[in-house]
Amino acid sequence: MRPRQRTAGRAQAAIEALAFFTEREHPHEHAEAQLLLWSAYSALAEVEDKVENCRLAIDACRAAIRIYEGHSPAEHADAHKSLGYSFITLAEAVDKADNCRRAIDAYSVAMEYYTADLAPGEHAEILRDLAYAYITISEVEDREKWGRKALRAYKKASRIFEALSLELEAENDPESAEMRKCAERCRRSMESCKGILKASRRTGSRASTAGKQGSG
């Protein structure tokens with residue numbers, strides 16, 4: 001079976017589960033099925049009909065969030081992380097600024113639960129995702145403002161990943177290697193942010209010079 005067919009089959013299975021596990025009688029199972037549907041539509045968006053499948057994924061994710069609201073804080077936060085991912089994916093196709101802002105809002109909600117003190121790994125992952133959203137929105141507006149925010153987010157994430165790597169290494173935990181890789185990827189992204197900021201300043205400087213010459 002081809003990957004597309006398998007993914008479509010997963011979507012159909014989730015839809016059938018939703019019909020069986022109704023929200024009123026089985027809210028938790030219904031929310032889980034909605035997230036399975038989100039996952040299937042997200043995978044489909046990677047290969048076809050990106051906009052339509054992203055919107056379907058967003059609808060499914062929001063349905064799960066509504067159920068988790070006030071009852072399951074961890075699941076509620078995880079669903080907002082998923083929602084942020086879908087909005088960023090949608091931003092790659094349409095309404096970049098608006099969808100980036102929605103992604104930023106979703107990630108910010110998730111970070112209220114996954115704090116740096118209580119869940120440093122998850123917090124760093126969300127910071128990294130936020131930074132990517134900042135970079136994406138910088139492509140269409142206020143390049144320097146969003147570039148700076150991205151740089152700060154990547155820097156914070158890098159520090160957390162590095163600290164986790166050292167802690168895990170002291171415990172002989174093999175996961176320390178993955179944390180080091182995450183920290184290194186954040187550092188590389190920081191260099192990209194610095195390049196964006198330099199280019200933005202050069203553009204602003206040229207525009208300022210041209211304006212002075214035109215008024216002279």
Check your understanding: What dipole magnitude, in Debye to the nearest 20, does the chain give about its Cα centre under +1 on Lys/Arg Cβ and -1 on Asp/Glu Cβ?
Key -> 1640
Exercise for review: Would you kindly find the accessible area of M111, with a 1.4 Å probe and non-protein molecules such as ligands, DNA and RNA excluded, rounding to the nearest 10 Å²?
Suggested key: 40
Exercise for review: Within the range 103-118, which residues have the backbone N less than 17 Å from the label spot 7 Å out from A163 along Cα→beta-carbon, could you tell me?
Suggested key: 111-118
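Compute the projected area of the convex hull of the Cα atoms of the range 100-201, averaged over all viewing directions, and report it in nm² to one decimal place. Kindly include the intermediate steps, with their values, before the conclusion.
Values: hull surface 24.8 nm².
The number I arrive at for the range 100-201 is 6.2 nm².
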Revision key, fill the gap. In terms of the charge dipole of the chain, which places +1 on Lys and Arg and -1 on Asp and Glu at the beta carbon, the residue among C61, Q34, S86 farthest towards the positive end is S86
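Over the chain, what is the mean sequence separation of C-alpha contacts under 8 Å (at least six apart), divided by residue count, expressed as relative contact order in percent?
Details: 270 pairs, mean separation 25.2, N = 216.
Averaging sequence separation for qualifying contacts and normalising by length gives 12 percent for the chain.
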Practice item. Could you tell me whether the range 147-195 comes out rounded, prolate or oblate from its Cα gyration tensor? Rule is a ≥ b ≥ c as square roots of the eigenvalues, rounded for a/c under 1.5, then prolate if a/b exceeds b/c, otherwise oblate. Key: prolate
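Let's see if you can work this out: charge +1 on each Lys and Arg Cβ, -1 on each Asp and Glu Cβ, no other charges. What is the dipole magnitude of the range 1-128 about its Cα centre, in debye to the nearest 20? Walk me through the numbers before you get to the answer.
Values: 14 positive and 21 negative charges, 83 e Å.
The dipole of the range 1-128 has a size of about 400 debye.
Stokes-Einstein diffusion coefficient for the range 1-109 at 10 °C in a medium of 1.306 mPa s, Rh from the Kirkwood formula over Cα pairs: what value in µm²/s?
Numbers: Rh = 13.9 Å.
Result for D is 114 µm²/s.
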Point to revise | the range 1-110: relative contact order as a whole-number percent, Cα under 8 Å and 6+ apart | key: 20
Review point. How much accessible area does V94 have with a 1.4 Å probe, in Å² rounded to the nearest 10?
Key: 40
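What is the gain in length, in nm to one decimal, between I15 and D98 on full extension, counting 0.36 nm per residue of separation less the C-alpha to C-alpha distance?
Gain in length upon complete extension: 27.0 nm.
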Exercise for review: Run a plain Debye calculation on the range 38-173 (Cα atoms as equal point scatterers, no solvent) and give log10 I(q)/I(0) at q = 0.16, 0.17 Å⁻¹, rounded to two decimals, same order as the q list.
Suggested key: -0.85, -0.93
**Study point:** Area of D173 that stays accessible when all protein chains are in place (1.4 Å probe, Å², to 10)
**Key:** 50
Point to revise | Percent RCO, i.e. relative contact order, over the range 52-106, from Cα pairs under 8 Å lying at least 6 residues apart | key: 33
**Study point:** Cα-derived Rg to Rh of the range 95-137, Kirkwood definition
**Key:** 1.03
Check your understanding: Between the range 121-200 and the range 1-60, how many Å separate their Cα centres?
Key -> 30
Review point. Any idea of the accessible area per residue across the range 106-189, 1.4 Å probe, to the nearest Å²?
Key: 54
Check your understanding: Near K149, within a Cβ-to-Cβ distance under 15 Å, what is the net charge of the other residues, with Lys and Arg +1 and Asp and Glu -1?
Key -> +3
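The values are calculated or read from the model by the stated rules, or taken from the named source; none is laboratory data. This one's a predicted model, so the numbers in the text were calculated from it and none came from an experiment. Don't worry about glycine lacking a Cβ; one is built from the backbone with ideal geometry, like all the others, and counts go over all protein chains shown. To get the accessible areas, we keep the full protein, side chains included, count just its heavy atoms, and leave off ligands, DNA and RNA. Shrake-Rupley method; radii C 1.70, N 1.55, O 1.52, S 1.80 Å.
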